[in-house]
Each structure stands twice: as structure tokens, then as C-alpha cells.
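Notes for the one structure printed next.
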Amino acid sequence: MKQLEHLQEVDVFQKIGGHEQVVFCNDPKAGLRAIIAIHNTTLGPALGGTRMYPYSSVDAALDDVLRLSEGMTAKCAMSDVDFGGGKAVIIGDPKKDKTPAMFRAFGQFVDSLNGRFYTGTDMGTTMNDFIDAAKETNFINGLPEAFGGSGDTSIPTAQGIIYALKATNQFLFQTSALEGKVYALQGLGKVGRKIALHLLEAGAEVYVTDINESVISEFLEEANTFQSAVHVVSPLEIYQVNADVFMPCAMGGVMNESTIQMLNVKAVVGSANNQLAHETDAELLYEKGILYAPDYIVNAGGLIQVADEQYGANKKRVLQKTKSIYQMILQLYAEAQANRITTVEAANRKYARRLEEQRNRNNFYSRNRRPKWDIN
Ligand code: NAD
């Protein structure tokens, strides 16, 4: 029995791998079961949204939060913000299990980390949920503007994707113009809809899909004046469209062996997190001659906005920083091409360099860096 306990202990630590800290949050009275994962705080306190999802098991929730928090370290490093990678998941169905008490309880757990972890919305959670959490802690970002936050992150996220798209066109076609090109866009949610409308306004042809019929109808109403350039296809057909760029703006993990085989495009640029089912799928794209814009670089607009809240929300500054995605992605394409490596490999090398630079910097003790309430 003793031996078995020992084995289980080792397994948990093996699973959390390179993560710094994993916190299980349990408040039965508030119906809260959540996990906060802090991957790496070399660059600053961990930052990452909180996802609510009806996970089939605690193991599945743990896998998801570990994977997502590691992705946030890469995203923060590449966007040059002084935050590290973290993420949280709440186990439950966002359609029926949410209560204000649950989010207040979650806020208390976030507060107990004393600023090692900042969080806000993600899939399954809304700004309103975090108004409740913010009653218990100051470490919440992305609140509505009326509550002192920077508001809707899908706006800078969509802007960042447009800059990445322009850079991709520049690299492939020697012109950054969006017009005259064909795009296949998956997912007409907050981000996808904004991108699709922008592309239509710019004079592009856009194939769209969504699993939600009402979302498509709402989009078509908005896109009324560009009807001739919009084509609605089924969720499966979107992979087969003969287009210049495929744009995954729905779920993660959509690029795998079978979908990549179907693709008939020159590039992939989209907002979804963790688009590749496996990192090796980057090689499949490379072998097929499809240029891939790493998701954690191009979809960083929202992160840039919430990270900017530490200086007081400023839309101009956020836009300026989001614009830098254009140069960053163009340089990355050139680097990958020169070294004959995938863009994912080039991006991973770059982010590892940024962490290393920070580790090597003089990181001496400064009393002023301690929280005010700790100075006596
Ligand atoms: P959203 O929930 O508003 O929209 C997602 C849309 O995708 C929905 O309309 C949904 O019906 C549709 N969808 C789901 N599965 C689909 C499928 N298999 N085929 C076609 N459509 C499908 O989400 P969002 O805020 O627009 O974000 C889109 C993606 O971008 C997500 O992966 C998100 O994690 C990522 N992202 C968003 C932000 C942000 O600021 N909102 C920032 C970074 C990354």
C-alpha cells in the first residue's frame, strides 16, 4: 500500500512536468471545483484566462489547464509583455452550473496567490462572471470599461489577425493587400465575425462556416451589402475550399493529419488557440508547402490589451503594440525560411531565447518590488 501511494505521488509530479505550481480549488458550498496552473513566472506574474467547461474527469481538466498555461508562457514571451504563463479551469457546465457565489469563491482563491496569478475571461466565462470575482480580489483583468477594465478583447485580437494576414500576403505575394484574395474562415464568433467583415470591406472573397445556424444568419444580415462575395459552406467543406488562406477562428486542435490533407490553401492564419492537434502537424503543413502563422503570436491582441491594464487601459497604446505583430510574423517567416525549419520551430526558439535572456539578466533584490503592504 505504501509503495502504491509513493507511485501515485510520482505520477502527479511527472504530469505537471515543468510547471511551477498547480492549485486545486475546492469550495463545495459554492459548487466550485477549479484548477489554477502557473507554468512559468520568469517574465513576471502569471497571466491567463479562466475557462469553464464540463470536463469528463478531473484528469481531463488538469491536462487542459497544463497545456493552456504552458501556451500562455510562449504567448507572453512573444508579445513582449512582462507576464508569465498561467491559466485556470472551472469544472462545470457554463450553461447551467454558474452562480455569482461560485465566482466570488474563485476570486478568493485567486486572491490567495497574492498577485502570482492574474485572470479574466476565456471560453465559457464572461466579463459579468468576473465582476463577481473582482469583489474578492484585485487580480482580475479584462473587466468591462464601466468597471475600470479595458473591455472586449476580441477587437484587438481581430486586429492582430488582420496584421498577421497582411504580413502573410506580403511574404507570399509581395503585397500586403487583402483585396482580390480568397479566405476560408471557420467560426463566426466574436473574433471571426469581425475579421470576415473587415475582409469583405477590403474587397476580398470569403467562405465562412459555423456550427451555429443563428450565428450564420446574424452574420449574413451584417454582411448584407457584400452578399456576392460571401459563400456559406458546411463545417467539413471549409477544409476543402480552394482559397489563399485558411482561417481557424473556432476551436483548438482542428489541424491534424486528416484535415491538413484536405487543405487547399497557401497559408493558415487564425485566432484559435492551440490550432495544431500535435506539434508535429507543423511539419505536415511545411511538407505540403503551407505557410503556418503560429497561433500564439498572431492571436495575442487580446493579451496585449489585458497586459496593458497595468498602466491604465489605453486603446492607442494597445493598437500600437498589436500592430507590431505584422513585423514579428514577417521576420519569423524569413527566419524559418532561411533556416529551413517550420515556423513553429522558429517561434519556439525565439521564445526560449527571451526566457533565457531574462534568466541571465541581473535580477537583484529590490525592496521596492515587494508589495506595499509587505514593507515595514
Ligand atoms: P466565440 O465563442 O465567440 O466564437 C467561436 C465560434 O466558433 C462560435 O460561433 C461557434 O459556434 C463556432 N464553432 C465552434 N466549433 C466550430 C466548428 N467545429 N466549426 C465551425 N464553427 C465552430 O469565440 P471567440 O472569442 O470568437 O474566439 C475564437 C477563437 O479564438 C477561440 O479559439 C479563442 O480561444 C481564440 N481567441 C480568442 C480571443 C478573444 O479575445 N476573444 C483571444 C485569443 C484567442
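Observations, loosely collected:
- Among the listed pairs LYS29/LYS98; LYS75/LYS315; LYS194/LYS288; LYS15/LYS87; LYS166/LYS266, those beyond 18 Å (Cα-Cα): LYS75/LYS315; LYS194/LYS288
- In the full protein context, the chain carries 49 Å² of accessible surface per residue, based on a 1.4 Å probe and ignoring ligands, DNA and RNA.
- Cα-projected label distance for ASP11 with SER56, points at 7 Å along beta-carbon direction, nm: 1.7
- Accessible surface of the stretch 265-324 [probe 1.4 Å, protein heavy atoms]: carbon and sulfur percent: 53
- Protein accessible area in the stretch 174-219, 1.4 Å probe - carbon and sulfur %: 47
- Using just its DSSP H runs of length 4 or more, each adding -39500 (n - 2.57), the chain gives a mean residue ellipticity at 222 nm of -14000 deg cm²/dmol after division by all residues.
- The chain, relative contact order [Cα under 8 Å, separation at least 6], %: 14
- The alpha carbons of the chain give a radius of gyration and a Dmax of 21.1, 71 Å, in that order.
- Put the Cα centre of the stretch 30-84 next to the Cα centre of the stretch 312-349 and the gap is 22 Å.
- The angle between the Cα long axis of helix 2-16 and the main principal axis of the chain comes to about 40°, on a 0 to 90 degree scale.
- Cα gyration tensor shape of the stretch 6-132, rounded if a/c is under 1.5, else prolate or oblate by comparing a/b with b/c: oblate
- Each Lys and Arg Cβ is given +1 and each Asp and Glu Cβ -1; about its Cα centre, the stretch 45-116 then shows a dipole of about 260 debye.
- The length gained by stretching the chain between GLN358 and THR175 to full extension, at 0.36 nm per residue less their Cα-Cα distance, is 62.3 nm.
- The stretch 154-356: C-alpha gyration tensor shape, a/c 1.5 cut-off, then a/b vs b/c: oblate
- In plain terms, the chain from ASP27 to GLU283 could stretch by 87.8 nm, reckoned as 0.36 nm per residue minus the Cα-Cα distance.
- Helix 58-78 vs. the chain, principal-axis angle (Cα, 0 to 90°, nearest 10): 70
- Global form of the stretch 45-119, assessed from the alpha-carbon gyration tensor, a/c cut-off 1.5: oblate
- Acute angle (nearest 10 degrees) that the helix 100-112 long axis makes with the longest principal axis of the chain, alpha-carbon atoms: 70
The values are calculated or read from the model by the stated rules, or taken from the named source; none is laboratory data. Quick caveat: nothing in here was measured; it's all calculated off a predicted structure. So basically every Cβ, Gly included, is an ideal-geometry build from the backbone, and we count neighbours across all protein chains shown. Quick note on the areas: whole protein, heavy atoms, side chains included, nothing else; ligands and nucleic acids left out. Shrake-Rupley method; radii C 1.70, N 1.55, O 1.52, S 1.80 Å.
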